[in-house]
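A quick write-up on the structure given underneath.
The values are calculated or read from the model by the stated rules, or taken from the named source; none is laboratory data. Quick caveat: nothing in here was measured; it's all calculated off a predicted structure. Cβ sites come from the backbone with ideal geometry, for glycine too, and all protein chains shown count toward neighbours.
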Amino acid sequence: MAEGGTVFLDEIGEMPLELQVRMLRLLQQHEIEKIGAVNGIHVDVRIIAATHRNLEALVAESKFREDLYYRLAVIPITVPPLRERTGDVDDLARHFFERSKAKYGRSKLQLPDSLLPYLLNYRWPGNVRELENMMERLVLLSRSDEVTAADLPEGIRQALAARQESRQLSPPQVGVPLKTVERDLILQVLRDCDWNQSQAARQLGISRKTLLYRMGKYGFSREAVGNAE
């Protein structure tokens, strides 16, 4: 069925050893054999495999064939968990939100920017699938035309509260220039937003253009700040 196309194998790390032998034959000889057939069938397909498990560790434990691992690992792509790429959270959340609105006929429902800090401070142990499911839940259960913090799962609300408590800024000392207070606050928010300028501007209550001006004023960039630390 996939001749001339692509086969996606999800969770390849869970494949039993006896099936791994057949997969190796496909990759090496470009051939499959139907049950009961006398001759093999030549196929031309691209294989993309995914797993959440450490295949190298499985190879060391003899739970995954070493030859199959090296056949599959021609172009390895590592996708970091969602908690390590918070810059994607806003776009993904709005994509799933809009898709669920269309699915359930709730075109008037709005997701306000004020809820973004809740999403950014949660660690998303279920990664993108958890975010997708939560957006669908909000669309289904929100009773008004705008999602509120009360509609969010308790764990997400608690995550933001804990983060805010841990990072509360102490009152500036007497004599500290306003410029210094502003500089430290902008830097803190940029770090919290993983240097996503649009998100940081929303949290600071300023336009992105204003934020860029302030960043230029203080010489802020991910590279510059990272090299200085």
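Checking each residue of region 97-117 against the condition of being surrounded by 12 or more Cβ atoms within 10 Å (Cβ to Cβ), hydrophobic (A, V, I, L, M, F, W, C), touching a Lys or Arg at 6+ places or on another chain (Cβ under 8 Å) and not in a helix (DSSP H, G or I) gives at least one match.
Are there any helices (runs of 4 or more DSSP H) wholly within region 128-228 with 3 or more residues that are of a type outside the set (D, E, K, R), more than 26 Å from the chain's Cα centre (by Cα) and modelled with pLDDT under 85, and if so which? Explain how you work it out, then say what you get.
Working: elements: 154-166, 178-192, 197-204, 208-218, 222-228.
Counting at least 3 such residues, we get 178-192.
Here Phe8 clears all of (1) under 26 Å from the mean Cα position of the chain (by Cα); (2) buried (at least 16 other Cβ atoms within 10 Å of the Cβ) except the condition numbered (2). For the criterion of being modelled with pLDDT under 90 and surrounded by fewer than 16 Cβ atoms within 10 Å (Cβ to Cβ), Pro80 passes. Residue check: Val89 meets all listed conditions (1) under 15 Å from the mean Cα position of the chain (by Cα); (2) β-branched (Val, Ile, Thr); (3) not assigned by TED's automatic domain parsing to the domain that holds Arg137 but one, namely (3).
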